[in-house]
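Below is one structure, written out as structure tokens; comments come after it.
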Amino acid sequence: MNAVTLSDALKLDLTGWTVSEKLDGVWAIRCGERLISRQGKEIHAPAAFVAACPENVPGEIWAGRGRFEVVLSALRTRDFSRVSFWPHAENQNQSDRLEGYFSEVTAAGGEGVVLRSPSGDMLKIVPRQSAEAFVVESGFEGSVCNFNGAKFKMNCGQWPAVGAVVTFRFSGLTGKGTPKSPTFVCVRNYE
């Protein structure tokens with residue numbers, strides 16, 4: 001699924017496209033007695049959870065807005081008691097009021113929106129923010145940065161020195177206060 005900015009999406013001809021909230025979960029589809037990820041790998045969920053999912057209908061394993069860590073925990077521990085399956089349903093065409101719908105979803109704590117074309121193509125629109133963080137560790141696996149007291153790992157494409165300030169973009173914060181999908185921009189070289 002390709003990501004676009006809201007301003008780029010507003011320039012497109014969205015006739016016939018549907019718009020829905022982008023759920024902050026893990027994509028899955030039930031195929032028989034198995035739940036399969038977007039990458040084709042089996043998701044090891046309890047049989048009762050899988051049986052409750054509609055067959056051959058894609059959806060999200062979801063725990064609510066801002067609770068992606070709960071979904072990851074469920075996948076790791078195989079305890080699905082705090083998550084549910086939300087099918088991707090055809091939604092009312094709201095492309096004519098995309099900007100307002102996007103604002104409503106993000107203001108309520110949603111991750112963003114997904115646009116679906118009549119042919120099945122999908123585009124996601126998520127808000128991006130910029131911030132700066134201090135590098136506290138640096139190495140081949142990426143840098144560990146401190147942002148407002150929360151530590152997170154980011155691939156900087158280089159090895160900035162410990163103590164350097166880096167600028168990055170992200171899509172909101174996790175429940176633990178760490179940036180979602182941090183993307184390195186540059187090492188700050190001004191004061």
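What follows is calculated from the coordinates using simple rules that are stated; it is not laboratory data. In this text the structure is predicted, and so the values were computed from the model without any measurement. Counting neighbours? That spans all protein chains shown, and the Cβs are built from the backbone with ideal geometry, glycine included.
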Within a Gaussian network of the chain (alpha carbon springs, distance under 10 Å), most fluctuating of 125, 36, 61: 36
Cα-projected label distance for residue 137 with residue 57, points at 7 Å along beta-carbon direction, nm: 4.4
Dipole magnitude of the chain about its Cα centre (Cβ charges: Lys, Arg +1; Asp, Glu -1), debye to nearest 20: 420
Difference of contour (0.36 nm per residue) and Cα-Cα distance, residue 165 to residue 27: 46.2 nm
Helix-only [θ]222 nm of the chain, DSSP H runs n ≥ 4, -39500 (n - 2.57) each, per residue, nearest 500: -4000 deg cm²/dmol
R0 of 22 Å, Cβ-Cβ distance residue 72-residue 155: FRET efficiency to nearest 0.05: 0.70
Fully extended contour minus Cα-Cα distance, from residue 183 to residue 146, at 0.36 nm per residue: 11.9 nm
Gain on full stretching of the segment that runs from residue 5 to residue 86 - 0.36 nm per residue minus C-alpha separation: 26.6 nm
Principal-axis tilt of helix 68-77 within the chain, Cα atoms, nearest 10 degrees: 70
Relative contact order of the chain, pairs being alpha-carbon contacts under 8 Å that are 6 or more residues apart, as %: 20
Whole-Hz couplings from phi, Karplus 6.51/-1.76/1.60, listed for the stretch 32-39; x for Gly and Pro: x, 9, 10, 9, 10, 7, 4, 7
Set of lysines near residue 176 by C-alpha distance (under 21 Å), chain-local residues within fewer than 8 positions excluded: 22, 151, 153
Amide N of the stretch 151-171 lying under 18 Å from the label point, which is placed 7 angstrom from the Cα of residue 12 along Cα→Cβ: none
On Cα atoms only, tilt of 98-107 relative to the major axis of the chain in degrees: 70
Karplus 3J(HN,Hα) series, Hz, for the stretch 9-14 with 6.51 cos²θ - 1.76 cosθ + 1.60 (x for Gly, Pro): 5, 5, 8, 7, 7, 9
